[in-house]
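Rule-based calculations on the coordinates, nothing more; no lab input. Fair warning: this is a prediction, and the values are worked out from it, not measured in the lab. Every residue, glycine as well, gets a Cβ built from its backbone with ideal geometry; the counts of neighbours run over all protein chains shown.
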Amino acid sequence: MMGLLGWAIFGLVIGALAKLVMPGKDGGGIIVTSLLGIVGAVVAGYIGQAMGLYTEGQPAGFIMSLLGAIALLFVYRLVTKRTPA
């Protein structure tokens, strides 16, 4: 099991890749990006392992984590969407 620092570094990388895949203007900067990456990695990794799709350390976990972070970034953009006044 990864430590908290490991998850933070992994989440930062995953968050940055998700941001690269879905470019756009988001508030929060690197902190929100890393938090979305961490949450996406943890949630998607847990779901994939619980479903038996892969075990810890397999490349599919990285892909699933990236997809989770992209999904969270999409939801974040929907929630924080600003409407023109």
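Using the beta-carbon distance between I31 and Q58 and R0 = 35 Å, what value does 1/(1 + (r/R0)^6) give for FRET efficiency, to the nearest 0.05?
Working: r = 29 Å, r/R0 = 0.83.
Rounded to the nearest 0.05, the efficiency is 0.75.
Peptides 45-57, 29-41, 11-23 ordered by packing proxy, namely the average of other Cβ atoms within 10 Å per residue, highest first: 29-41, 11-23, 45-57. Using just the C-alpha positions of the chain as equal point scatterers, what log10 of I(q)/I(0) does the Debye formula give at each q in 0.19 1/Å? Values returned for q = 0.19 Å⁻¹ are -0.76.
At 0.36 nm per residue, and after removing the present C-alpha to C-alpha distance, how many nm does the segment from I9 to V79 gain when stretched out fully? Provide the component values of the computation, followed by the final result.
Details: separation 70, 0.36 × 70 = 25.20 nm, distance 2.56 nm.
In short, 22.6 nm is gained.
Pulled fully out, how much extra length does the chain show between A16 and Y46, if you take 0.36 nm times their separation in residues and subtract their Cα-Cα distance? Don't jump to the answer; show the numbers that get you there.
Values: separation 30, 0.36 × 30 = 10.80 nm, distance 2.03 nm.
Separation in residues times 0.36 nm, less the Cα-Cα distance, equals 8.8 nm.
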